[in-house]
1. Which residue, chosen from 332, 295, 348, occupies the Cα position most advanced towards the positive end of the dipole of region 285-362, where the dipole is computed from +1 (Lys, Arg) and -1 (Asp, Glu) charges on Cβ about the Cα centre?
2. Within region 350-443, which GluC sites (Glu not before Pro) sit in a loop by DSSP and count at most 16 neighbouring Cβ atoms inside 10 Å?
3. Averaging sequence separations of C-alpha pairs under 8 Å and six or more residues apart, then dividing by the length of region 35-157, give the relative contact order as a whole percent.
4. In percent, how large is the relative contact order of region 1-88, given Cα pairs closer than 8 Å and 6 or more residues apart?
5. How high is the FRET efficiency between residue 333 and residue 293 when r is their beta carbon distance and R₀ equals 41 Å, given to the nearest 0.05?
6. Please report the carbon-and-sulfur percent of the accessible area for region 226-322; probe 1.4 Å, protein heavy atoms only, DNA, RNA and ligands left out.
7. So if I place +1 on the C-beta of Lys and Arg and -1 on the C-beta of Asp and Glu, and nothing else carries charge, what would the dipole magnitude of region 253-309 be about its Cα centre? I want it in debye, nearest 20.
8. Given a 1.4 angstrom probe, what's the average accessible area per residue across region 302-443, in square angstrom?
Amino acid sequence: MMEFPTLDETHDPARRSFVEDANRPDNDFPIQNLPLGVFGTRADSTPRIGVAIGGHVLDLKKASGAGERFTEQARGALQKTSLNSLFALGLAAMRDLRRTVADMLDQGSSSNQVRRHASDLLTPLGACTLHLPTKVSNYSDFYAGIYHARAAGALLRPEDPLPENYKWVPIAYHGRASSVQVGHGAVQRPLGQRPPTAAGTPPSFGPCERLDFELEMGFYLGGGNRLGKLIPIAEAAQEIAGFSLLNDWSARDIQRWEMYPLGPFLSKSFATSVSPWVVTADALVPFRVAALSRPDGDPRPLDYLYDAADQANGGLDVRLQVLLSTEKMRGAKEPSFEILTSNAKYLYWTPAQMVAHHTVNGCNLLPGDLIGTGTISGPSPAELSSMLEFTSAGAKPVVLPNGEQRSFLQDGDEITFRGRCSRQGYAAIGFGSCIGRITASEI
Ligand code: CA
């Protein structure tokens with residue numbers, strides 16, 4: 001049966017850091033979180049591995065270079081410019097590192113080297129450039145949000161909203177790894193073929209007119225598997241190093257015209273954004289929940305996808321939020337507007353089931369590979385997690401506080417995802433944000 005990481009002293013809600021802003025309850029990165037990322041500074045732009053603590057980044061490359069507390073293998077992995085080698089060490093090594101870093105940043109470690117060398121090892125987040133957490137060799141995107149599959153299906157295929165295979169197969173497609181980018185930059189509106197407006201007429205060519213986001217979570221592989229050797233469901237949770245927010249930007253008009261019969265191609269491959277911080281599987285232990293309960297009449301998953309512990313603990317309770325800011329709003333110094341919220345607990349398939357399914361044919365997953373969950377919509381209209389669903393394919397535009405309306409995204413629009421976990425008796429943690437601002441097509 002599957003083993004999940006367990007609670008330990010790193011989750012103790014009473015722990016405080018000497019980095020003062022990490023102790024504010026509304027802060028995403030308290031000492032109980034310790035998410036990993038890759039950053040550079042103005043003084044030293046070399047990408048290196050760090051951990052976010054409050055409003056600062058702790059330089060783990062420098063900290064481990066002088067620290068005898070780090071294992072030799074962790075020290076080696078922390079010299080790299082991406083997290084792939086660290087993730088490849090597996091969850092036990094990452095847990096060990098988490099304990100070490102928590103001890104270093106603890107308020108009680110008054111004599112530790114971080115405090116002594118704080119100015120050297122800690123940089124304010126605002127002075128850092130954040131890079132992609134891993135070198136992503138492969139990216140696959142699932143379709144595990146059943147409320148999204150139903151809502152999007154009802155708009156695209158009213159006669160058959162939920163495909164017959166949906167409750168048996170965790171459906172996915174291979175995404176494009178090269179255009180995965182860290183979520184704080186520009187996303188260029190793609191050009192492409194737009195569908196004919198009347199039967200028998202040709203498609204038109206030009207900038208996408210139905211640009212959309214998809215609210216998803218992403219997760220990164222740990223050790224992975226050799227070609228031909230599958231990862232059984234009972235071991236799959238141990239292969240997931242950590243989670244982030246993921247925006248699967250989608251060009252709906254291009255998608256509608258190109259996707260039959262092989263699925264989306266250019267309508268998705270132009271950009272995928274991930275949040276810069278990877279919240280580790282260990283940090284998420286207090287926020288594990290049961291997998292979405294299958295209504296009576298739904299089939300039990302096939303054996304290779306079924307594990308009792310995964311059903312009991314394989315879900316995640318992460319409150320997700322999408323905010324929109326237009327150029328006009330920013331010009332008037334108006335704050336971003338929350339257009340919808342959702343929760344990762346609505347996924348029909350667990351991340352472990354996705355890993356087991358992905359490898360069941362012998363396909364090899366590599367350390368640092370990225371997997372998207374699929375759009376995570378919820379059961380209520382306020383939880384429909386793409387513009388396509390939220391506006392009923394443009395029929396019911398979102399009205400913003402300044403009177404502007406949006407059916408799909410316009411140039412200058414900025415989309416921000418946030419994610420936060422809270423539970424009575426534990427310190428709340430967050431994912432930071434995943435941001436993208438739409439820029440005009442380059443013709
Ligand atoms: Ca997607």
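The values are calculated or read from the model by the stated rules, or taken from the named source; none is laboratory data. The shown structure was predicted, so the numbers you read here are calculated from the model rather than taken from an experiment. As a convention, Cβ positions derive from the backbone with ideal geometry for all residues, glycine included, and neighbour counts pool all protein chains shown. Protein only, heavy atoms only, side chains kept; ligands, DNA and RNA dropped before computing areas. Shrake-Rupley method; radii C 1.70, N 1.55, O 1.52, S 1.80 Å.
1. 332
2. 442
3. Worked out over region 35-157, it gives 32 percent.
4. RCO, region 1-88: 21 percent.
5. E(calc), rounded to 0.05, equals 0.35.
6. That share works out to 57 percent.
7. Around 120 debye, computed over region 253-309.
8. Ligands and nucleic acids excluded, the figure is 38 Å² per residue.
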